[in-house]
Every structure is written in C-alpha cells, then in structure tokens.
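A short reminder: the numbers here are calculations on the coordinates, not readings from a lab. Since the structure is predicted, the reported quantities are computational estimates derived from the model, not experimental observations. For neighbour counting, all protein chains shown are included, and Cβ atoms are generated from backbone atoms with ideal geometry for every residue, glycine included.
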Amino acid sequence: MVEDDSAIADAVLYCLRRDGMHAEVAETLAAARCATEGALPDVVVLDLGLPDGSGFSLIPELMRSASCPRVIVLTSRDEDVECVAALEAGADDFVTKPFSPRALAARVRAVARRGEPRSEREASLGLVVDSLGRQASFSGKDLGLTKIEFDLLAVLAEAPGRVRTREHLVARVWGEEYILAERTVDSHFKGLRRKLAEAGAPATLVETVRGVGFTLREAR
C-alpha cells in the first residue's frame, strides 16, 4: 500500500492482515519504488497524492514489469477524469476517499482473484477469459466483447457455478454508486450471449437465475 496518511494505512493494513494477506506500506513514491524492486506484490493500493509526486507516475512502471501487479488507485479527488486516467494507464480499480477499510480489503481480494491462473474447470468450459489482456474466447474463437460485456463475463468467470446478483454485478462493473434498471443489465447479457452463441458456446453457458441474477454454468 502506497499511502502517506498513517491513520488510513494502519486501518487498511489491519483489515488486510486480519484476512490473512501479507501487507506492507510505503509512504512515498521513492519508498514504493524501493519496495517493488525485484519481486512485485500481487496487488498495489496506490494513493495518487503523495509527498514526492503523483502516484500516476508509478502505474506505467508497474505495467512494464513482467509480473504486472493489480493496481487499485486511491484518490481524494472527485473528478471523474482522474479515475478514468488511472484506469486507462493500467489500474484495475479505484476508490474515492473517504472509504471503508473493510470494503477496500474486499476489493483487494477481488482484483487478486482476477490475476490467478484460470482453473482446470474454466478450461473445461471451453471458455478463456484473459483479464490482463482483456480478451475472451470460446474454443479458440475470439468473442469480440465490448468493455461492459467483458467485465460482466470476467466477474462470472471468477467463480463458475456461483450465482451473481444484479446488484453485485452493477457494483463490480459500473460502481457501487450506480443504480441501473434490470433491462440495462439484461441488454448487455443479451449481447454477450449472442457473441458466445456465434462462437459455438451452448445457450446454457451463461444462465439467468430468475429473480436473482446470472451464473456461468458448465457446458452440457
């Protein structure tokens, strides 16, 4: 965690360590660069406003590394342009201050799961979701998904067989502050299913659980 506010850092590190994660803090860009020399962490929580410069400058350096860790950006700025710029630079998620340390810990777990190697079960579906390269294919055929379609599929692919509610999907893909009509989410799934079908995937691969949400089923 790269954060110069010791109170924030201590609260977040307590939650991360309580969840069984190894976590350390760097208070400056210089300290962060020293800490990330050699073996990189799985996830970097990066404040944008640091005493010796902008956290933005560290993102491209992390992206160029071989292991390419996941990055969650922290910002006290309300301007959407800051968050969009961080995501375009390679960050995986952003959190605006003030925030709940427990909620941030949950986001760290979520982005860490995205970086795990795909399981044998995922491979057995014929579906490959490359979160780093933001590519998805079925039986070797590229699906050509939109950003939203890919993000929805990536959430489902984290845990095949687990039902994800619409509320969970909206919070993960659009953000916790968004409230969307069910038909908006359903329309994106309609496009996702069409592209899966065109690639030869069974109609039951992405299944609607009536009144609840969606799940990724094994091909059958």
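Direction-averaged shadow area of the convex hull around the Cα atoms of the chain, nm²? Could you put the intermediate results ahead of the total?
Working: hull surface 50.3 nm².
For the chain, the mean projected area of the Cα convex hull comes to 12.6 nm².
Taking every pair of distinct Cα atoms and averaging 1/r, then inverting, what Kirkwood hydrodynamic radius in Å comes out for segment 120-216? Before the final figure, lay out each step's value.
Numbers: mean 1/r = 0.0744 Å⁻¹.
In segment 120-216 this quantity evaluates to 13.4 Å.
Given only helices, namely DSSP H runs of n ≥ 4 each adding -39500 (n - 2.57), what is the per-residue ellipticity at 222 nm of the chain, to the nearest 500 deg cm²/dmol?
Values: 9 runs with 92 residues, N = 220.
It comes out at -12500 deg cm²/dmol, rounded to the nearest 500.
Can you tell me the orientation of helix 6-18 relative to the chain, as the angle in degrees between its alpha-carbon axis and the longest Cα principal axis, to the nearest 10?
It works out to around 50 degrees.
If the viscosity is 1.306 mPa s and the temperature 10 °C, what translational diffusion coefficient in µm²/s does Stokes-Einstein give for segment 10-79 when Rh comes from Kirkwood over Cα pairs?
On the way: Rh = 12.9 Å.
Translational D for this selection: 123 µm²/s.
Antiparallel versus total DSSP beta bridges in the chain: what percent is that, nearest 5? Walk me through the numbers on the way to the answer.
Working: 14 of 25 bridges.
So the antiparallel bridges amount to about 55 percent of the total.
To the nearest 10 degrees, how steeply does helix 80-89 sit against the main Cα axis of the chain, on a 0 to 90 scale?
Between helix and principal axis, roughly 80 degrees.
Between ARG194 and THR28, how many nm apart are label points set 7 Å from Cα along the C-beta direction?
It works out to 5.5 nm between the two label points.
Within segment 19-41, which residues have the backbone N less than 20 Å from the label spot 7 Å out from ARG64 along Cα→beta-carbon, could you tell me?
Counting backbone N atoms under 20 Å from the label point, the list is 29-41.
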